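Contents: one structure, followed by commentary.
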Amino acid sequence: MRRHFPGWLVLLGAMTAIGPLSIDMYLPAFLVIAGDLGTPRGAVERTLPIFLAGLAIGQLVYGPLSDRFGRRPPLLAGLAIYLVGTIGCALSGSIEQLTLWRLVQALGGGVGMVVSRAVIRDRLDPQGSARALSTLMLVMGAAPILAPMLGGWMLVVASWRGIFVFQALFALGCMVAIWFGMTESLRRTDMRPLRIGTSLRTYAELMKDRRLLLPVMAGAFGMAGMFAYIAGSPFVLMGLYGLSEQQYAMVFGLNAFGLIAASQLNGWWLRKQRPNEVLRKSFWLPAASGLALLAMGLHGGVPLPLIMSGLFVFVASMGVISPNTGAMAMADQGRVAGAASALLGALSFFVGMLSGLAVSFWDGQTGLPMMAIMAVCGVLSTLFGATLLRRRMPDVAPEAAVVEPLA
C-alpha cells in the first residue's frame, strides 16, 4: 500500500466518521441536555444505545441494498435520512422527541460504515483490507478526538442544539463529495438480485459461518466494552470526579489518540505479518484491562489517574483488535461482502446497545456499573479471540497490498 492516502479512502474515512461524530460529540452535553429537557440523566444516556440500535438495523438494510444497486446509491439515500434525523434532533423539545430523532439519525448514519467496509473489500485483498482498515481508523481518528472538544465548545458559544446543526452540515458536505468525487466500486456482474427471502437466507448462512462469526464476536464484545465506557464516562468523569465539559473532552480525546496510535502500530505490524498473527499479540488486552477496572470499581475511591490508565489500555487495544477481526471476518465473503459487512456492523452495534442499556439502567452512584460491564465484555472478547486463534485461518499473502487512487 502506498504511504499516501488515496482520495477514495479519505472519503470513506469521512463517511465512517459520521458514526463516532454522532456518538461522541454530544457526550459533554449529557448533563446539560438532562437539565434543559427536565429529564433524568439515565434517560439521556439511553439515547446512546437507541442510536446504536438504529445503526444495527440500518446496516442490515444497507448491506443487501449495496450488493444489489452498488455502493453509491445507498450512501446518498442513507445520508439523506441521517440529515433529516439530525435536523429533528436539533429541534427536539422533549426527551421523547430527541430519542425518536436519534433513532432516525442512526437509521441513516449506519450506511457509511457498512458501505465503507464493502468498498474496501471490492478494491483490496484481505491483507490490504486489514491495512486499509487501520489507515481508515487514522483518517477517521480525528472524530473521537475532536468531537467531544467541538461539543464542549458548542456548549460555550451556542447550546447543545448547535452540536446537531454541525452534524447536519458535515453530512451535507459528505453527500456533495460522494456525488462529485466517488466512483462505483462494485462491478455490474457482481450485483445480486434484491429479494427479501434471499437476503434472509444470506444472513442465515452467514450466521452459520464460523469463519465470519468468531472474528465478528471477538471484535463486537471488545467494541461493546468501549460503548459501555462511552455511555458511562460522562457521569463517572464529570459527575463523580468533577471534570468540566472541556476537561472531559480532553480526557476522551487522549483515549481516542491511544486508539489511533494503536491502529497505526497495527498497520506497521501488518507489513510483515498476517492479521491473525498480529491479533495473537493483543487479544488478551481487553480482558486484562477490563478486570483491572472492575477491581478498581469494587475497591472504590481509586485516584483518577489509575482509572484513566485502565480506560486508555482498553480503548487503545481496539485499534489493533477491531481492524484485524474485521479483515478476518470479511476475507472469504466475495460476492456477499455487502451483507457480510452489514452483519458485522449490526452484531457489533447490537451488542454495544445491550452494554449501553446495562450501564444506563444500572443506576448506581459509583463507577462500578461502567467498569463491570467493560470487564464482562473484555473477557468475552478475549475468549472469542482465543477460540478464533486456535482455528486454522486461510493463508494471506504477507506482502503489502496496493491501494489504487480514486478514478
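Any read-out appearing in this document is the output of simple, stated calculations on the displayed coordinates, not a laboratory observation. The model shown is predicted, which means the values in this text are computed figures rather than measured ones. Cβ coordinates were reconstructed from backbone atoms using ideal geometry, including for glycine residues, and neighbour counts include every protein chain displayed.
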What list do you get for Lys272, Lys208, Lys281 if you sort them by fewest beta carbons within 10 Å?
Lys208, Lys272, Lys281
Determine the calculated [θ] at 222 nm for the chain from helices alone, applying -39500 (n - 2.57) to every DSSP H run no shorter than 4 residues and normalising by the residue count; nearest 500 deg cm²/dmol.
-26000 deg cm²/dmol
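Under 1.5 on a/c is rounded, so check that first for region 236-322, then, if it is not, pick prolate when a/b is larger than b/c and oblate when it is not; a ≥ b ≥ c are the square roots of the alpha carbon gyration tensor eigenvalues.
Verdict is oblate for region 236-322.
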Could you tell me the relative contact order of region 151-304? Use alpha-carbon pairs under 8 Å, at least six residues apart, and round to a whole percent.
17 percent
What are the equivalent ellipsoid semi-axes of the chain, built from the alpha-carbon gyration tensor (square roots of five times its eigenvalues), in whole angstrom, biggest first?
31, 25, 19
Shape call for region 146-256 from the C-alpha gyration tensor, a ≥ b ≥ c root eigenvalues: rounded (a/c under 1.5), prolate (a/b greater than b/c) or oblate?
oblate
What does the C-alpha gyration tensor say about the overall shape of region 192-290? Classify as rounded when a/c is under 1.5, otherwise prolate if a/b is larger than b/c, or oblate.
oblate
Can you put Ser381, Ser92 in order of Cβ neighbours within 10 angstrom, beginning with the fewest?
Ser92, Ser381
Take the chain, mark every one of the GluC sites (Glu not before Pro) that falls in a DSSP loop and has at most 16 other Cβ within 10 Å, then report the longest stretch left between them, sites excluded.
185-398
Do you know the relative contact order of the chain, to the nearest whole percent, from alpha carbon pairs under 8 angstrom that are 6+ apart?
30 percent
For the chain, list the DSSP H helices whose alpha carbon atoms reach 24 Å or more along the long axis and whose average Kyte-Doolittle value is 0.5 or above?
7-24, 47-69, 72-90, 160-181, 210-233, 304-330, 337-361, 368-390
Round to the nearest 0.05 the FRET efficiency obtained for Gln365 and Arg390 when R0 = 41 Å and r is the Cβ-Cβ distance.
0.45
Tell me the net charge near Leu213. Cut-off is 12 Å between Cβ atoms, Leu213 excluded, with +1 for each Lys or Arg and -1 for each Asp or Glu.
+2
Stretched out fully, how many nm does the piece from Gln97 to Leu383 gain, at 0.36 nm a residue minus the Cα gap?
99.0 nm
